[in-house]
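Worksheet: one structure, shown below.
Just so it is clear, none of the values below were taken in a lab; they were calculated from the coordinates. For clarity, every value in this text was computed on a predicted model and none was experimentally measured.
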Amino acid sequence: MGTAEQIVHVSEFTNEPFIDFTKAENRARMQEALKKVKREFGREYPMWAEREEGNHHGKKRTSTILRHPMEIIGVFQNATAELARQAIEDANKYFDTWKKVSPQERAKCLFRAAHIVRELQI
C-alpha cells in the first residue's frame with residue numbers, strides 16, 4: 001500500500017533582510033552575540049572519525065586572530081591522510097542511504113537547517 005506523498009511548499013526565493021544597525025536594539029543584540037562568540041575562544045574541538053569523537057592521533061592546529069596572534073580562537077585536530085580517506089569512504093557509504101531519501105524530505109532538512117540558522121541570528 002502506498003503512502004500519500006508529502007508536498008513541501010516553497011515560496012519564491014528572497015535574500016534575508018539586512019539588519020539595521022542604526023537601531024540601538026540591533027546593535028545591542030550584535031554586541032551580545034559577539035560576547036557569546038568570544039566566550040568560546042580557546043575551546044578545543046574534537047574530530048569526528050569513524051563515528052567517534054576524539055583527537056585520534058594527538059596532532060593539533062591552533063587558530064589565532066591575525067592582529068592578535070596570542071588570542072586563540074580554537075584548537076583543532078589535524079587529520080592524517082588515512083583519516084581523511086576513511087571520512088570520504090564513510091560519506092560515500094552514507095550516500096547510498098541519502099540518495100534514497102525523497103526530494104521532499106531533503107528539502108525539509110534544508111528548511112529546518114535554515115530555520116535554526118535564522119533563530120541563532122541576532
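Please work out how much length the chain gains when fully extended from Tyr94 to Ile19, using 0.36 nm per residue of separation minus the C-alpha to C-alpha distance, in nm with one decimal.
Result: 23.2 nm gained on full extension.
Which lysines have a Cα less than 25 Å from the Cα of Lys108, not counting those fewer than 8 places away in the same chain?
Lys93, Lys99, Lys100
Under 5 Å between amide H atoms, partner at least 5 residues away or on a different chain: which partners does Ala79 have, H built in plane at 1.01 Å?
none
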